[in-house]
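These notes are about the structure you will find just below.
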Amino acid sequence: MIRSETLAGRIARFGGLGICLLVTVFPLYWILVTSFKDPGAIFAYPLKYWPGDFSLDNYRGLFSQSNFAVFLVNSLIVSTVAAALSTVISLLSAYVLARFEFVSKGAVMGAFLVTQMIPGFIALGSLYILMTKLYLVDSRWGLVLVYVAVSIPLCTVMLRGFFENVPASLEEAAMVDGCSRLSALFRVLVPVMTPGLAASYIFNFVNCWNELFLSVTLLNSDNNKTIPAALNGFISSYNIDWGSMSAAAVLSIVPTMVLFAFASRYIVEGLTAGAVKE
């Protein structure tokens with residue numbers, strides 16, 4: 001009886017995992033397949049789950065009929081710079097919160113956490129007015145500034161956990177040898193925290209790369225649009241260009257896949273390094 005229950009439990013477990021995997025992977029598979037279909041075959045009935053003839057028309061049209069290469073470069077610039085700046089600033093703020101005691105420390109941490117509970121689109125109106133007065137609407141650097149401000153709270157909380165897992169004796173020993181506190185931070189603690197910094201940077205990069213509402217609100221011209229805003233442009237009042245949108249979606253996934261492939265070890269180490277405090 002016990003053996004039959006164990007077998008049934010395994011079947012149920014693996015069956016459930018298989019269903020979850022199918023639900024997760026199938027949309028990605030369908031986007032990939034749709035991107036290689038002829039425009040006329042996308043709406044063919046009955047549905048074909050494997051195209052008879054693979055076509056690159058959607059990819060050719062994507063680059064010939066739109067500025068997708070410009071969108072791709074804009075996304076790379078905005079995401080790379082915003083992730084780097086927010087990681088560096090969060091490194092300094094997390095160090096202060098982890099190593100120093102001051103009266104408003106709990107309030108600051110609480111404020112950082114509360115900001116993550118507020119939907120970002122609530123502040124879109126007031127943010128647009130502010131950016132207009134600063135002459136930063138339709139500017140990639142204005143979008144970078146907003147992304148940095150949005151990313152700092154959560155990134156600070158993440159890095160604070162990593163700092164608390166690093167013994168303070170390391171920097172104290174460096175300071176005894178003549179290093180200043182800032183020098184000890186960058187020469188001693190930063191190399192130790194490389195996995196945590198890599199995980200925070202990748203987290204910020206992916207969030208900036210995939211963000212839609214702010215980019216659509218703050219960017220108007222094609223010369224400054226990022227990929228999410230460009231994908232939104234394939235949707236009109238009367239039509240959706242599924243072929244071009246699928247091709248653009250496939251290409252937009254590639255940079256994040258490459259980033260995760262090369263940095264997966266750092267991500268795993270970084271996400272587990274600050275999980276347990278000894």
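Sorting check: for 16-26, 176-186, which peptide has the highest mean count of neighbouring beta carbons within 10 Å, and how do the rest follow?
Highest-to-lowest ranking by the protection proxy: 176-186, 16-26.
When the Karplus curve 6.51 cos²θ - 1.76 cosθ + 1.60 is applied with θ = phi - 60°, which whole-Hz ³J(HN,Hα) does each residue of region 16-28 get, with x for Gly and Pro?
Coupling constants for region 16-28: x, 5, x, 5, 4, 5, 5, 5, 6, 7, 4, x, 5 Hz.
Heavy atoms only, 1.4 Å probe, whole protein assembly: order E101, E171, E164, E211 by accessible area, highest first.
E101, E164, E211, E171
Quick one: what are the phi-derived ³J(HN,Hα) couplings along region 132-137, Karplus 6.51/-1.76/1.60 with θ = phi - 60°, whole Hz, x for glycine and proline?
Those phi angles translate into 5, 5, 8, 6, 10, 6 Hz.
Can you pull the percent of the chain's accessible area that's carbon plus sulfur, 1.4 Å probe, other chains left in place?
Whole-percent figure for carbon plus sulfur exposure: 70.
Using each residue's phi in region 77-93, evaluate 6.51 cos²θ - 1.76 cosθ + 1.60 at θ = phi - 60° and report the 3J(HN,Hα) Karplus result to the nearest Hz, with x for Gly and Pro.
Per-residue couplings from phi come out as 5, 4, 5, 5, 5, 5, 5, 5, 5, 5, 5, 5, 5, 5, 4, 5, 5 Hz.
List the residues, sorted by chain then number, that are 5 or more residues from L219 or on another chain and whose placed amide H is less than 5 Å from its amide H.
It is D138, by chain and number.
Sort 48-55, 137-144 for me by packing, meaning the mean count of neighbouring Cβ atoms within 10 Å per residue, highest on top.
Ranked by mean Cβ neighbours within 10 Å, highest first: 137-144, 48-55.
Can you check what the Kirkwood hydrodynamic radius comes to for the chain, Cα pairs only, in Å to one decimal?
Result for the chain, one decimal place: 22.1 Å.
Using the Cα centre of the chain as origin and beta-carbon charges of +1 (Lys, Arg) and -1 (Asp, Glu), tell me which of V96, G61, S244 is placed farthest towards the positive end of the dipole.
Value computed over the given set: V96.
Let me have the 222 nm mean residue ellipticity of the chain computed from DSSP H runs of 4+ only, each contributing -39500 (n - 2.57), with the sum over all residues rounded to the nearest 500.
Calculated from helices alone, the mean residue ellipticity at 222 nm is -23000 deg cm²/dmol.
Return one quarter of the surface area of the convex hull spanned by the alpha-carbon atoms of region 1-50, equal to its mean projected area, in nm².
Its Cα hull, projected and averaged over all orientations, spans 4.6 nm².
Stretched out fully, how many nm does the piece from I118 to T6 gain, at 0.36 nm a residue minus the Cα gap?
35.9 nm
The values are calculated or read from the model by the stated rules, or taken from the named source; none is laboratory data. Keep in mind the model is a prediction, meaning the values are calculated, not measured. For neighbour counting, all protein chains shown are included, and Cβ atoms are generated from backbone atoms with ideal geometry for every residue, glycine included. These accessible areas exclude ligands, DNA and RNA; they are computed on the full protein's heavy atoms, side chains included. Shrake-Rupley method; radii C 1.70, N 1.55, O 1.52, S 1.80 Å.
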